[in-house]
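The values are calculated or read from the model by the stated rules, or taken from the named source; none is laboratory data. Just so you know, these numbers come straight off a predicted model, no measurement behind them. Neighbour counts run over all protein chains shown; Cβ positions are idealised from the backbone, glycine included. In case anyone asks, the SASA skips ligands and DNA or RNA and just uses the protein heavy atoms, side chains included. Shrake-Rupley method; radii C 1.70, N 1.55, O 1.52, S 1.80 Å.
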Amino acid sequence: GGEFTLTEDLKINVPTTLNGDAIINLNGHTLTYTIPAEYQDKNHELWSKYMIMTRVADGSSLTFVGDGAVVSDGYIASANEDGNKDGKVYVDGGNYSGETCTLFQANGGEVYISGGEFKAAEYNGDYRFTLNHVDSQKNVGKIEVTGGKFYKYDPAQSASENPVMDFVPKGFGAYPE
């Protein structure tokens with residue numbers, strides 16, 4: 001945990017599990033998450049471990065603020081449930097892009113997006129997993145979008161792994177690019 005302001009571009013090639021709250025101010029720089037080449041094969045035993053670059057659980061929160069960019073080979077972050085202590089991800093500003101079909105995931109935890117630009121890779125001809133809600137109980141976890149621009153993706157009609165969900169609360173509009 002802690003508060004971090006990037007003073008230069010930063011590359012990370014090891015997935016993390018966040019213990020404690022963290023705020024990352026992109027400060028006009030680029031944070032790049034890369035999966036090492038030897039783990040990029042989907043049949044490799046560590047592939048799934050590297051697919052999610054930051055797991056936010058156990059009551060922790062991860063907040064991205066400021067101008068700059070986050071570029072990732074895998075999911076940027078997953079808000080996970082862990083008993084009664086859900087992880088939370090907050091995004092306010094910045095440019096987020098990835099080589100996978102999902103940028104942020106609510107896996108029982110919560111994701112709040114109030115600003116930024118988002119472009120995931122396509123999956124079978126569409127971008128339906130840009131924000132993904134994965135929840136075996138189908139009633140826990142949350143994604144809420146109150147701002148931002150999304151490339152070929154409408155958060156008000158998200159066809160994530162659960163049935164079509166509206167991630168945009170009443171009073172806000174969704175205008176996909």
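What the table shows:
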item: Residue, modelled with the lowest pLDDT, within segment 138-153, restricted to residues that are part of a strand (DSSP E or B) and either open to solvent by 60 Å² or more (accessible area, probe 1.4 Å) or basic (Lys, Arg) (or both); result: LYS142
item: Which numbered condition ASP135 fails, given (1) in a loop (DSSP other than H, G, I, E, B); (2) at pLDDT below 90; (3) open to solvent by 10 Å² or more (accessible area, probe 1.4 Å); (4) over 23 Å from ASP9 (Cβ atoms); result: (3)
item: Residue in segment 103-117 that is open to solvent by 10 Å² or more (accessible area, probe 1.4 Å), in a loop (DSSP other than H, G, I, E, B) and either at pLDDT 95 or above or polar (S, T, N, Q) (or both) present; result: no
item: Pair list, Cβ under 6 Å, 6 or more apart: segment 25-39 residue under 18 Å from VAL89 (Cα atoms), other residue charged (D, E, K, R) and surrounded by fewer than 18 Cβ atoms within 10 Å (Cβ to Cβ); result: THR32/LYS11
item: Subset of segment 15-34 (residues that are open to solvent by less than 60 Å² (accessible area, probe 1.4 Å), among the polar types (S, T, N, Q) and within 19 Å of GLY115 (Cβ to Cβ)); result: ASN25, THR30
item: Test result for ILE12, in contact with a strand residue (DSSP E or B) (Cβ under 7 Å, 6 or more places away or on another chain), among the hydrophobic types (A, V, I, L, M, F, W, C) and open to solvent by 30 Å² or more (accessible area, probe 1.4 Å); result: yes
item: Residues within segment 79-102 that are open to solvent by less than 10 Å² (accessible area, probe 1.4 Å) and in contact (Cβ under 8 Å) with a residue 40 or more places away in the chain, tallied; result: 3
item: Selection count where residues are part of a strand (DSSP E or B), polar (S, T, N, Q) and crowded, with 19+ Cβ neighbours inside 10 Å, scope segment 35-63; result: 2
item: Residues that are closer than 12 Å to ILE24 by Cβ, at pLDDT below 95 and either in contact with an Asp or Glu (Cβ under 8 Å, 6 or more places away or on another chain) or part of a loop (DSSP other than H, G, I, E, B) (or both), drawn from segment 64-79; result: ILE76
